[in-house]
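Just so it is clear, none of the values below were taken in a lab; they were calculated from the coordinates. As the structure is a prediction and not an experimental result, all values here were calculated from the model. Reconstructed Cβ throughout: ideal geometry from the backbone, glycine too, with neighbour counts over all protein chains shown.
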Amino acid sequence: MLNASRARRALLSVLSLTLLVSACKGTGGAPATASPDTWATVDGRPISRDLVEKSYRRTAPATPAPSEEEAMAGKLTLLNELIVQDILVNKAKALKLEVPDSELDTAYTEGRKDIPEDQFQQQLTARNLTAADMRDQLRREMLAQKVLEAEVTKKVAVSDAEITAFFEANRAQFELAEDAYRIGQIVVTPVREPQQTNRTGNDATTAQEANEKVQMLMERLKQGATFSDVAADFSEDGETAQRGGDLGYVPLSALQRAPQKLRDAVLQSQPGSVTLVSEGGGHTLVAVIAREPAGKRDPSMPEVKARISDAIKGRKEQLLRAAYLSALRNDAAIVNHLAARLVAGQGVLPKP
């Protein structure tokens, strides 16, 4: 657990980032007319304390209990995510995108299919949430995703020339002398990284924060977020985060020399699975994307063409997504009232 001074430094570090990314169109201060229960406004639309608190309770680990500063740092991160989500949900109205009840029902059922009803209800009670709260959050997440699919995913195209060029530049990847595994990773460390490693700037600085963060990431993946998006947003490995966590194909001989926990996470898992490996206060979410037998391949093979196309498309999507979200934020009038109040109170939120 953080001591008081270190926790305060961690919180103020988050605050500086929050104010930096939230001060759009010169709206940096918290107006006196804002209600204490309004933690942010986006083009005049309020984001309430209640919404942030519910989002935090939905993903925060039950034990060990975080300090007040650690909890507030987590809520600040969530608030920034909810600001982006609010922009996307509002954009969905302009695009006439909706989530039909039948689609929501299917996603909601799928998300809790492996959780017994009594256990699910116990979790809701323990987190002071209702099924309606969970469905409301899921609907907003699905709307935001629909916008990104319409404005980003569907607008990315890959040509045959690009596929050929990629193959020629990476020919060694397609001539495997031995069996290999394509692996993805999301790294979370208990120390501050020397520079920003992911596109949200999220960085755990203590073992407690790392534990909370990895629980949040696992919850996101469980609810259907793509591994590459989560890696690009939150992984603390600067090199692989930019590639959506993709480590490429790792030869079997190299895996045999890896630490046992990481080796087992790959060799004992099926493609499509994600395994959590924890050690020394840090965590790695390991995704086994595919297993390839030894041999030579070329772009005329459908599976090779699809693999290259997916890799190029993934890179383009990440770039366009980052640019699209930045443009949306630049066009929005955002005021992060919570951050401004905490800065004014030197890290202490005034009592209502």
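Here are some notes:
- Sites counted here are GluC sites (Glu not before Pro) in a DSSP loop (not H, G, I, E or B) having no more than 16 other Cβ atoms within 10 Å; the longest part of the chain that contains none of them is 179-352.
- For a straight C-alpha distance cut-off of 16 angstrom, the lysines reachable from Lys155 (same-chain residues fewer than eight places away being disregarded) are Lys146, Lys313, Lys316.
- Helix-only CD estimate at 222 nm, as mean residue ellipticity for the chain, using -39500 (n - 2.57) per DSSP H run (n ≥ 4): -17000 deg cm²/dmol
- Within the chain, longest stretch clear of exposed trypsin sites (Lys or Arg not before Pro) (DSSP loop, no more than 10 other Cβ within 10 Å): 114-256
- Span-rule helices in the chain, defined as complete DSSP H runs reaching 24 Å or more along the axis (Cα) with Kyte mean at least 0.0: 4-22, 68-94
- Cα-based reach from Lys113 at 18 Å (exclusive), listing lysines while leaving out same-chain residues under 8 positions away: Lys222
- In terms of its C-alpha gyration tensor, the stretch 278-352 comes out oblate, because a/c is 1.5 or above while a/b does not outweigh b/c.
- For the chain, the percent of C-alpha pairs falling in each 20 Å distance bin, counted from 0 to the bin holding the largest distance, reads 26, 57, 16, 0.
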